[in-house]
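The values are calculated or read from the model by the stated rules, or taken from the named source; none is laboratory data. What you see is a predicted model; the values in this text were computed from it and never measured. Note that each Cβ is placed from the backbone with ideal geometry, even for glycine, and that neighbours are counted across all protein chains shown. Surface areas here come from the heavy atoms of the whole protein model, side chains and all, with no ligands, DNA or RNA. Shrake-Rupley method; radii C 1.70, N 1.55, O 1.52, S 1.80 Å.
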Amino acid sequence: MEVSGGIEVKKIRIGNLLLPSNVLMAPLAGYTCYPFRMLAYELGAGLCFTEMCSANALKYEDRATKRLLITAKDEKIKAVQLLGGIPAVMERMAGSELLKDFDVIDINMGCPVPNVFKSGEGSALMLDWKRAAAIIRGCKKSGKIVSVKCRTGIREDDMFAAEFARMCEASGADMLTIHGRSRSMMYDGKPYVKEIALAKAAVSIPVIANGGIFSVEDARNMMEQTGADGVMVARYGLEHPFIFSELTGKPCDKTAFQILMEQIELTAGYYDETFTLGYMKKLASYMMKKRKGTKKFKEQLFRSGSLEELRKVIALIFYNREGE
């Protein structure tokens with residue numbers, strides 16, 4: 001269906017799964033824990049991913065990394081993003097007991113961070129197609145749906161999204177998400193929509209467009225210019241979670257205050273107080289960005305030493321304030 005002022009919303013089939021919408025939430029370190037994913041799903045997202053999980057850390061059952069895998073029965077479709085550069089380790093972890101609850105494995109081939117790139121992981125895999133293909137094939141042996149998140153290339157003067165997309169499809173990938181920037185651009189600069197369009201035309205699997213989407217208009221333009229099957233929202237989803245409702249037309253009558261209160265309760269039910277405080281401070285900080293007269297509360301927000309203190313500060317910032 002066509003959403004008034006939004007994008008054409010449709011269901012997407014990947015493997016044996018039918019996603020309820022073609023608006024996805026990106027995996028974001030420090031944010032896309034189970035509570036935030038449930039919020040995005042509630043507001044209309046068709047698929048959400050865990051934070052980036054290191055396959056090597058999972059191999060050693062690292063406690064902090066295992067915490068990234070927390071989920072529950074009410075998360076109907078579960079997708080984990082794996083980071084790794086060694087095919088054998090990626091294959092082993094994809095089929096491990098740790099990931100038994102997950103339906104989708106998203107392989108990170110786009111992270112541009114220097115220490116990740118230097119270790120041969122993330123976007124570095126776009127320079128080693130043989131290894132990238134082996135990782136996709138290895139993860140497919142798990143029997144799970146496999147998606148790949150990549151970039152348009154390594155440098156602005158050398159883009160090869162279409163060719164890389166063909167390799168991913170030939171190796172067994174069920175879906176591809178393309179961040180419209182090269183590795184050298186990091187997270188800044190106008191996305192190269194033409195590269196996403198070329199990749200979309202080169203394969204038959206669903207292609208999701210990512211990068212530079214900070215409004216409904218951005219999402220609509222991205223869909224029109226690339227022909228992509230859907231869009232992936234990243235940082236703007238933290239600042240304005242209602243974007244999922246606006247893009248999909250799924251009604252939401254909750255205020256930002258109600259959403260944050262519910263997030264506190266859900267997070268506290270699955271994580272300890274230290275994690276809950278840290279996550280909620282970061283989320284509230286994002287959501288207060290464009291609210292008038294709230295800067296004076298930011299220091300107070302980050303000084304909160306208990307959930308009770310945090311609730312009081314969030315009430316000062318969000319309850320019955322302008323914009324609610």
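Scaled to the globular estimate 2.2 N^0.38 Å, the Cα spread of segment 140-255, given as radius of gyration, is 1.11. Based on C-alpha pairs under 8 angstrom that are at least 6 apart in sequence, the chain has a relative contact order of 16 percent.
Along segment 66-79 the Karplus relation, 6.51 cos²θ - 1.76 cosθ + 1.60 evaluated at θ = phi - 60°, assigns HN-Hα couplings of 4, 5, 5, 8, 4, 8, 8, 4, 6, 8, 4, 10, 10, 10 Hz to successive residues, with x for each Gly and Pro.
When the solvent-accessible area of the chain is split by element, carbon and sulfur atoms take up 51 percent of it, the probe being 1.4 Å.
For the chain, a Gaussian network of Cα nodes joined below 10 Å ranks Ala165, Ala284, Ala45 by mean-square fluctuation, and the top entry is Ala284.
Computed from the Cα positions only, the extents of segment 216-278 along the three principal axes stand at 45, 24, 16 Å, in decreasing order.
Straightening the chain between Asp158 and Ser215 buys 17.7 nm, computed as 0.36 nm per residue apart minus the Cα-Cα spacing. Among the lysines of segment 242-307, pairs that are 8 or more positions apart or on different chains and have alpha carbons within less than 15 Å of each other number 9. Put a plus charge on the Cβ of each Lys and Arg, a minus charge on the Cβ of each Asp and Glu, and nothing anywhere else: the dipole of the chain about its Cα centre is then about 420 debye.
For segment 1-70, dividing the convex hull volume of the Cα atoms by the residue count gives 104 Å³ per residue.
With all protein chains kept in place, the per residue accessible area of the chain amounts to 43 square angstrom at a probe of 1.4 angstrom.
Average 1/r across all pairs of distinct alpha carbons in segment 57-155, invert it, and you get the Kirkwood radius: 13.8 Å.
The smallest convex shape that holds all Cα atoms of segment 110-160, its convex hull, gives 81 Å³ per residue.
Within the same chain, lysines fewer than 8 places from Lys200 are excluded, and of the rest, those with a Cα less than 21 Å from its Cα are Lys10, Lys11, Lys149, Lys190. When every Cα-Cα distance of segment 187-324 is counted in 5 angstrom steps from zero, the calculated P(r) takes the values 2, 9, 17, 17, 15, 12, 11, 9, 6, 2, 0 percent. Each label point was placed 7 Å from the Cα along the Cα-to-Cβ direction; for Lys254 and Gln300 their separation is 2.4 nm.
Annotation: amide H-H contacts under 5 Å for Ser21 (H modelled 1.01 Å from N, sequence separation of 5 or more, or interchain): Ile12, Gly46.
Our Cα-only numbers for segment 1-130 put the radius of gyration and Dmax at 15.6, 49 Å.
Using the Cβ of Lys144 as centre and a radius below 15 Å, the other residues enclosed give a net charge of 0, where K and R count +1 and D and E count -1.
The protection proxy used here, the mean number of other Cβ atoms lying within 10 Å of each residue, ranks peptides 131-143, 264-276, 11-23 as follows, highest first: 131-143, 11-23, 264-276. For segment 96-200, the Cα gyration tensor yields ellipsoid semi-axes of 23, 15, 12 Å (square root of five times each eigenvalue, largest first, whole Å). Counting only DSSP beta bridges with both residues in the chain, the antiparallel share comes to about 15 percent. Our estimate of slack between Tyr319 and Arg291, defined as 0.36 nm per intervening residue step minus the Cα-Cα distance, is 8.9 nm. Residue ranges 229-241, 64-76 sort as 229-241, 64-76 when ordered by packing (mean number of other C-beta atoms within 10 Å per residue, highest first).
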